[in-house]
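Below is a structure I'd like to ask you about.
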Protein chains: 2
Amino acid sequence: MFKFNPAFEAPTGSPIRELFKYLAQPGMISFAGGYPASDLFDREGLDAAAARASQQPTLCLQYGPTDGIAVLKEQLTHLMTRRGTPCTPQELLVTTGSQQGFDLLLRVMVAPGDVVLVEQPAYPATLQALKLQEVDVVTVPVDQDGLDVAALAALLEAGTLARPPKLLYTVPTFANPTGATLSLERRMALLKLAARHHFLIVEDDPYGDLRFSGAALPSLLALSDQVPGSRDWVVHFSSLSKIVAPGLRVGWMVAHAEILRRCVVAKQTVDLCSSPWTQAIAAEYLASGALERHLPKIIDAYAVKCRTLCDALDEHLGDAIAFHRPAGGMFVWAQLKGGQNASDTLCACIERNVMFVPGVAFYKDNIDLTALRLSFAAPGVAEIETGVQRMKQALALF
Amino acid sequence: MFKFNPAFEAPTGSPIRELFKYLAQPGMISFAGGYPASDLFDREGLDAAAARASQQPTLCLQYGPTDGIAVLKEQLTHLMTRRGTPCTPQELLVTTGSQQGFDLLLRVMVAPGDVVLVEQPAYPATLQALKLQEVDVVTVPVDQDGLDVAALAALLEAGTLARPPKLLYTVPTFANPTGATLSLERRMALLKLAARHHFLIVEDDPYGDLRFSGAALPSLLALSDQVPGSRDWVVHFSSLSKIVAPGLRVGWMVAHAEILRRCVVAKQTVDLCSSPWTQAIAAEYLASGALERHLPKIIDAYAVKCRTLCDALDEHLGDAIAFHRPAGGMFVWAQLKGGQNASDTLCACIERNVMFVPGVAFYKDNIDLTALRLSFAAPGVAEIETGVQRMKQALALF
């Protein structure tokens, strides 16, 4: 009866959200979600921030500027400076989660049929956003050191792409789903490629602060000052969702003024402004120093959970599963050594009340059917142990 | 250097937001904004609602369902029932302001070059959203009884449109900018046209509860049950921005399940979910009955402000300005009888510290250069008196 746009004629929703129904199963242990741990939210710090924000009722309750309220923009530039990536408030746009930043960028710069490069395996919502925009997605493989920049260079120089690529999407630090971190050498090489071939690097960095081992690496945006001509070609996204709380829906993007200005125009018609109330709470939270006080607790807890998961996988499933220990973030990426299909084993796991996300959700092509993503963020330590034992029982069937 | 999509090569921002810089002028009295009155926000009721919401930290702080948190969806269906427009939670999608609902609908249903009908003069962000989507916008005139449905019928039957129209955008009750309300007779006629010609009626209803005189009219969605075949063709948008607070960024849309389902898929890639924290506050606010207790205060205050503005216009500018008294909402739409250009008079007004929005902002074509929009919502009663006197001084120059 209705005439929908082609991409929406028979749309499929998020493959991960499709798994949600099993979460309601009593006793289910889930390694599936990309959710941060609810019990690690800084309730006290956020309640105090909310109380201070509510003393500024007009700021919280009235419409706000499309690019974000000034006090939050200032706090976010301070946070970026502490991360070694200084930027000005004029280079920064507050978004309704960093998800919105990518959507705004696509609107402004990418048309149907344009070539967009994406690391693979990749964050599913990125693949979905590109699919709905009818973009020509070209994937670049990832290994334990992140994006395979040599493969990207070969691709760019082979001249086989239908058009020059508009942008490349990557999560260089503690990637979703692989947990991998792009090496310094590759970061520099990637920036050189962007400067030479004039494509935007979309650096999505929601997890970078969640490092529990090894030394921090500078972001691509930070390193771009060392690679002539590359700074203009980096668009940096980040978010408070994984380090404070997703419910704030506070993300931000840092980009060249010409790009940012157009994203602001797009945002005027998309949602006018992100909630100034949650922006004000976020600003108060950051200004109080609560993030620096509380974040180590989240990192310590994730370090323990990650070690528990990896140790349990080694102990109980060492023969069946291959994986790398991540140095931060929320995810362990694994392969079934026996070549089993992860989707089939998921069914057996769900029967035993344990869940993960089969790797297929993270691929556009060249799917590794044996792959799976395990998130250690949400379940408790005891649950992680039990969950791996249940997986062992399920895998014993295959 | 960068290659933007054509609509974003040289984008112009909101013409109203361009006026913001003058608001900082000391002593400025503004009839320009579309903002509700900050001093009428129900601070007490919202603080109490926020306190109750914060007792549910996981609900507020974690990711929420893309279609909205269940408790808010339930409260919004109750609100729709009280408005005489019952709907089910399955027909309702919570959006980040109702602005987002229109954007999602365009994504799902409207492609560049499609014909979209818009009442004119119209809400500028609607015109801007359509322009950025490169839509073929066809305008339908409005008079003091709202959309000229006879003109629309003639247009549809003339066969002159490049394609069958996908949708018609209208604010049938206390329109922005005209303040006009579509008569019952026209509402029925419009529904019949939609059922016959198979275009969606986008009924944007942010102001309908703000009636201070006359009897309420049923919404198009409510009336659609009386016009066979029309219910499927009504998409209804509403919002808490004008009746509670814009800072919540809580809007909603009610539509056929096939449309709604696709808007949810689009929203997954747009912002994943609207802030569950402000959703929870809104749900607590609605559940407490605070809206019913507080809304009469807003309506009474707007009634006084509207009467003050209209009386002052009659008294001081009766010879210079023609207008109709609205029965609700936030706006008075006027014409300069002497044929002066409203943009020119605005410059003289800004020098005398009073502002309005020149009508040009609300037109795509056939611009009435003598028109202007005056909002009585934000300024105080004494300011309204003074503002009109300043306008008189400015107009005396022309």
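The values are calculated or read from the model by the stated rules, or taken from the named source; none is laboratory data. Please read all numbers here as calculations on a predicted model, not as lab measurements. Positions of Cβ are backbone-derived with ideal geometry, glycine not excepted, and every protein chain shown enters the neighbour counts. Protein only, heavy atoms only, side chains kept; ligands, DNA and RNA dropped before computing areas. Shrake-Rupley method; radii C 1.70, N 1.55, O 1.52, S 1.80 Å.
Please determine whether any residue of the stretch B:12-20 is open to solvent by less than 40 Å² (accessible area, probe 1.4 Å), over 17 Å from B:Ala361 (Cα atoms) and within 11 Å of another protein chain (Cβ to nearest Cβ).
Checking the stretch B:12-20: not a single residue is open to solvent by less than 40 Å² (accessible area, probe 1.4 Å), over 17 Å from B:Ala361 (Cα atoms) and within 11 Å of another protein chain (Cβ to nearest Cβ).
Can you give me the number of residues within the stretch B:104-132 that are within 19 Å of A:Leu132 (Cβ to Cβ), more than 9 Å from every other protein chain (Cβ to nearest Cβ) and open to solvent by 20 Å² or more (accessible area, probe 1.4 Å)?
2
While we're on this one: What number of residues within the stretch A:225-258 satisfy the criterion of being open to solvent by less than 10 Å² (accessible area, probe 1.4 Å) and over 21 Å from the mean Cα position of the chain (by Cα)?
Final tally of qualifying residues: 2.
List the number of the failed condition for A:Asp311; all other conditions in (1) more than 12 Å from every other protein chain (Cβ to nearest Cβ); (2) free of Cβ contacts under 8 Å to residues at least 12 places away in the same chain; (3) open to solvent by less than 20 Å² (accessible area, probe 1.4 Å) hold.
Every listed condition holds for A:Asp311 apart from (3).
Please go through the stretch A:364-376 and give me each residue that is in contact with a Phe, Trp or Tyr (Cβ under 6 Å, 6 or more places away or on another chain) and either among the aliphatic types (A, V, I, L, M) or assigned to a helix (DSSP H, G or I) (or both), ordered by number.
A:Leu372, A:Leu374
Identify all residues within the stretch A:46-70 that are under 28 Å from the mean Cα position of the chain (by Cα), open to solvent by 60 Å² or more (accessible area, probe 1.4 Å) and closer than 30 Å to A:Asp300 by Cβ; write none if there are none.
Within the stretch A:46-70, A:Asp47 is the sole residue that qualifies.
Right, something else. Do you know which of the residues in the stretch B:103-118 that are of a type outside the set (Asp, Glu) and touching a helix residue (DSSP H, G or I) at 6+ places or on another chain (Cβ under 6 Å) is nearest to B:Gln279 (Cα to Cα)?
B:Leu104
Within the stretch A:225-249, which residues are part of a helix (DSSP H, G or I) and either among the basic types (Lys, Arg) or more than 23 Å from B:Asp271 (Cβ to Cβ) (or both)?
Across the stretch A:225-249, the qualifying residues are A:Asp225, A:Gln226, A:Arg231, A:Asp232, A:Trp233.
Out of B:Ala301, B:Ala222, B:Ala195, report the one residue that is over 21 Å from the mean Cα position of the chain (by Cα), part of a helix (DSSP H, G or I), more than 10 Å from chain A (Cβ to nearest Cβ) and more than 24 Å from B:Ile69 (Cα to Cα).
B:Ala195
Further question: With the structure loaded, tell me whether A:Arg293 is in contact with a Gly (Cβ under 9 Å, 6 or more places away or on another chain), modelled with pLDDT of 95 or more, surrounded by fewer than 17 Cβ atoms within 10 Å (Cβ to Cβ) and not in a loop (DSSP other than H, G, I, E, B) or whether it fails that test.
Judged against the criteria, A:Arg293 is a match.
Going by what's in this entry, would A:Pro86 be described as open to solvent by 10 Å² or more (accessible area, probe 1.4 Å) and under 27 Å from B:Val264 (Cβ atoms)?
It is false that A:Pro86 is open to solvent by 10 Å² or more (accessible area, probe 1.4 Å) and under 27 Å from B:Val264 (Cβ atoms).
I'd like the full set of residues that are touching a Leu at 6+ places or on another chain (Cβ under 8 Å) and either crowded, with 24+ Cβ neighbours inside 10 Å or over 19 Å from A:Pro326 (Cα atoms) (or both), limited to the stretch A:183-195.
Within the stretch A:183-195, A:Arg187, A:Met188, A:Leu190, A:Leu191, A:Leu193, A:Ala194 qualify.
Could you grab me the full set of residues in the stretch A:26-45 that are surrounded by 13 or more Cβ atoms within 10 Å (Cβ to Cβ) and more than 7 Å from chain B (Cβ to nearest Cβ)?
A:Met28, A:Ile29, A:Ser30, A:Phe31, A:Ala32, A:Gly33, A:Gly34, A:Pro36, A:Ala37, A:Leu40, A:Asp42, A:Gly45, listed by residue number.
Let me ask something else about it. Which one is farthest from A:Val304 (Cα to Cα) among residues in the stretch A:366-382 that are surrounded by 20 or more Cβ atoms within 10 Å (Cβ to Cβ) and touching a strand residue (DSSP E or B) at 6+ places or on another chain (Cβ under 7 Å)?
Among those that are surrounded by 20 or more Cβ atoms within 10 Å (Cβ to Cβ) and touching a strand residue (DSSP E or B) at 6+ places or on another chain (Cβ under 7 Å), it is A:Ala371.
Please find, among B:Arg293, B:Arg262, B:Arg325, the residue that is of a type in the set (Lys, Arg), within 9 Å of chain A (Cβ to nearest Cβ) and in contact (Cβ under 8 Å) with a residue 12 or more places away in the chain.
The conditions single out B:Arg262.
For a quick check of your reading: which helices (runs of 4 or more DSSP H) sit entirely within the stretch B:11-104 and have at least 3 residues that are in contact with a strand residue (DSSP E or B) (Cβ under 7 Å, 6 or more places away or on another chain)?
B:70-82
Let me ask something additional. Any idea how many residues of the stretch A:265-281 are assigned to a helix (DSSP H, G or I), farther than 16 Å from A:Val110 by Cα, aliphatic (A, V, I, L, M) and at the interface with chain B (Cβ under 7 Å from one of its Cβ atoms)?
Residues that pass the stated criteria total 1.
Taking the conditions exactly as written (closer than 25 Å to A:Leu104 by Cβ, under 24 Å from the mean Cα position of the chain (by Cα) and open to solvent by less than 30 Å² (accessible area, probe 1.4 Å)), does A:Thr77 satisfy them or not?
Here the answer is yes, as A:Thr77 does meet what is asked.
With respect to A:Pro326, is the statement that it is within 25 Å of A:Asp205 (Cβ to Cβ), open to solvent by 10 Å² or more (accessible area, probe 1.4 Å) and outside any helix (DSSP H, G or I) true?
yes
In addition: Farther than 22 Å from B:Ser14 by Cβ and part of a strand (DSSP E or B): which single residue out of B:Pro165, B:Pro141 fits that description?
Answer to the check: B:Pro141.
Then there's this: Can you tell me which residue among A:Gly208, A:Gly159 is modelled with pLDDT under 95 and open to solvent by 20 Å² or more (accessible area, probe 1.4 Å)?
It is A:Gly159.
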